[in-house]
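Quick notes on the structure that follows.
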Ligand SMILES: Cc1cc2nc3c(=O)[nH]c(=O)nc-3n(C[C@H](O)[C@H](O)[C@H](O)COP(=O)(O)OP(=O)(O)OC[C@H]3O[C@@H](n4cnc5c(N)ncnc54)[C@H](O)[C@@H]3O)c2cc1C
C-alpha cells in the first residue's frame, strides 16, 4: 500500500499482525476507530500462524451450548491453587470476566468463529477448579481461497505440521487419516482431503483447507480485509513519540524509510514478545539459557524495547517462558526445524524419558511446559539437556515418535539423517547416546515392572486426567505405561524450546502499560506476548497464551474507544 507509506494521523496504531494485534485492530475498527496495523514482515500471522490455535476461555458459551459446563469462578479457584490467591488479581479478573464476551463479540461481528474442544483437560487436572472439558475452543477450519491473491500474505505453518509438503491436518483429521484403510468412512474422509489438496496445488503454493492457528489468523486477516482495515507490511515500530507526558504516536521503519504516525487514542504493542532477543533471553530465562525458540523469527522484543525506552516496567515471571520439549528435525531442503512434543508420544505406553545418567527424572505424561520445567530442575543435579525419549519398535509403529507418524514405512530415513538413534540392544543404544548402559538397563527393567502393575511408584505416570487423556485408553492396566521390550530400540533427543514468553510489559486490566510506579502510560497498550502473562508464568491449560491475547487485545481496543475502563 504505497499511498500509506507516509506520515499520517490515526486514532489507534497497532504494531504486530499476530493474533493479538489483528484482534485489537479488528475490534477497534468495528468500534469506529480509524486504525492502522503495521507489520514488520511481509505476512500476517506471526507465531500464531504456526500454532495449534487452542484458546483457553473459561466459561465460554460455545462449550456451554455443546453441553460442557464450566465457569469463570471455577477457573479462578484453579488459578488460585496454581499461582496463588492474589497473584495478578486485577488482570485475572479482567481476563475471566471478559473472556466469554470477547469471543462472542468476534463471532457476532466478524468471520472469526470457534468450535468447542469438548474434552481437553487442564494441565494440572488434579488441582481444585481444574476443568476436564469445556474450557478450550479452537478456530473453525478456514477456506484460504477466500483470501484470493492475498493467500500468500498468510504465513504458513511449520513444515512439521503439514503433510505432502503443504497439506494441513487438524487434530480431528488424524484418526481417519492414520486409519484410512480401516473403514469405508475413514477412507472416504481421507480421499476427500487428498482430492481437495491435489486440486489446491494446481493453483496455490500449499493446501487451502486451513486448520488450527493458521485458521485463527486466516479468519482474523479475512475479517480485517472485509472491513478494509489498512495493514502496512514491512513496517516495523522502532520508537514511540511522546507529547505532554502521553504517547502521541510512533516512528516506523517502512522498507528502510522512516515515517511518523501520530495517534489520537494510542499505540497498541503486539509484536509477539522477546523470543528472539538474545539480551532479554539472557536476562530472564533459566540457566543455561535455552537456545531454541519456536516463536516467529521476527519476534525480537521490539515492543518491549520501545516501551521500556519510554519508561515502561516489566514483570518477570517464573522461568520466563512457556515451554515444550522439541526435537530437531531435518527438513526436505536440508535445513533444520523443531518439532514440539505436545501430546502424541510422551504419554503413550512404552516410552520413557531419561537424562544423561540413564535415569528417569519426570512423569513423561505431564504437560509439555511441566516436562521442560522438570528438565531445568533435573539439569541442576545431572545433565538433562538434551533429555532422551527412549522406546522400542512396536511403540514407533503404533504411536509414532516426533515427526515420525504411526506406521511410517521408512524409519531408515530418520536414522540416516540423525533424527533418531537405533540399536539392536539397550546396551548398544546407551553406548550410542553416551549414557551408562547399566543405568539405562535398570531404568527400563524397573519401568517394565510398573507396566505390569500399572503403578509408577517413582513419578505417578497415568494418575491424572491429563496423563490418561494423552495416553492410550485401550492399554491396560495403565494407559500411559507399557514395556520397552522388543528390539530394535530407539532414542530421540529433546531440548527445551519456548513457544511463547511469559515475561513482558506490566499492564493493568485494560492492557494499559504501566511505569515503574505502577501508573498507566497514557496512550500505550500491550497485548499478546508483549504483555506479561496474566498466568504468572504458569501454564494452566490448552490455549494459555491465545486466550489472554484475544481478551486483552479486545480490552485494549475497547479502552481506547472509551467503552470500558
Ligand atoms: C508450535 C506452536 C504451537 C502453539 N500452540 C498454541 C496453542 O494452541 N494455544 C496457545 O494459546 N498458544 C499456542 N502457541 C503460542 C502462540 O502461538 C503465541 O503465544 C501467540 O501467537 C502470540 O501472539 P502474539 O500476537 O503476541 O505474537 P505473534 O503471533 O508472534 O505475532 C507477532 C507479530 O508481530 C510482528 N512484529 C515483530 N516485531 C515487530 C515490529 N517491530 N513492528 C511491527 N510488527 C512486528 C511479527 O512479525 C509477528 O507478525 C503455540 C506456539 C507454537 C510455536
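Listed peptides 429-440, 326-337 appear in the order 429-440, 326-337 once ranked by packing, highest mean of other Cβ atoms within 10 Å at the front.
Based on alpha-carbon centroids, what's the gap between segment 162-180 and segment 532-565 in Å, whole number please? What the calculation gives is 31 Å, centre to centre. Between the helical axis of 89-109 and the longest alpha-carbon principal axis of the chain there is an angle of about 80 degrees. Against the main long axis of the alpha-carbon atoms of the chain, helix 368-379 sits at an angle near 70°.
Of all beta bridges DSSP finds with both residues in the chain, what is the antiparallel percent, to the nearest 5? So the antiparallel bridges in the chain amount to around 75 percent.
When the helices of the chain are scored as -39500 (n - 2.57) per DSSP H run of n ≥ 4 and the total is divided over every residue, the value at 222 nm lands at -9500 deg cm²/dmol. Spatial offset of segment 191-230 relative to segment 96-139 amounts to 23 Å, using the alpha carbon center of each. Take the Cα radius of gyration of the chain and divide it by 2.2 N^0.38 Å, N being the number of residues; the result is 0.96.
Computed from Cα atoms, the angle from the helix 72-83 axis to the main principal axis of the chain rounds to 70 degrees. The ranking of 40, 77 by Cβ neighbour count inside 10 Å, starting from the fewest, reads 77, 40.
Ordering 346, 8, 203 by the number of other Cβ atoms within 10 Å of each residue's own Cβ, fewest first, gives 203, 8, 346. Counted by neighbouring Cβ atoms within 10 Å, the residues 246, 201 run from fewest to most as 246, 201. Each part reduced to its alpha carbon centroid, segment 1-67 and segment 483-525 end up 19 Å apart. Under 1.5 on a/c is rounded, so check that first for segment 446-534, then, if it is not, pick prolate when a/b is larger than b/c and oblate when it is not; a ≥ b ≥ c are the square roots of the alpha carbon gyration tensor eigenvalues. Note, shape of segment 446-534 comes out prolate. Taking a ≥ b ≥ c as the square roots of the Cα gyration tensor eigenvalues, with a/c under 1.5 meaning rounded and otherwise prolate when a/b beats b/c, else oblate, which class fits segment 318-473? Note, shape of segment 318-473 comes out rounded. Structural descriptor for the chain: relative contact order 22 percent, calculated from alpha carbon pairs under 8 angstrom and at least 6 residues apart.
Peptides 116-129, 442-455 ranked from most to least packed, by the mean per-residue count of other Cβ atoms within 10 Å: 116-129, 442-455. Which of rounded, prolate or oblate describes segment 59-203 when judged by the alpha-carbon gyration tensor and an a/c cut-off of 1.5? Since a/c reaches 1.5 and a/b is larger than b/c, the shape of segment 59-203 is classed as prolate.
Each reported figure results from applying straightforward, stated rules to the coordinates on display, with no laboratory input. Please read these numbers as outputs of a predicted model, since none were measured by experiment. All Cβ positions, glycine included, derive from the backbone under ideal geometry; neighbour counts span all protein chains shown.
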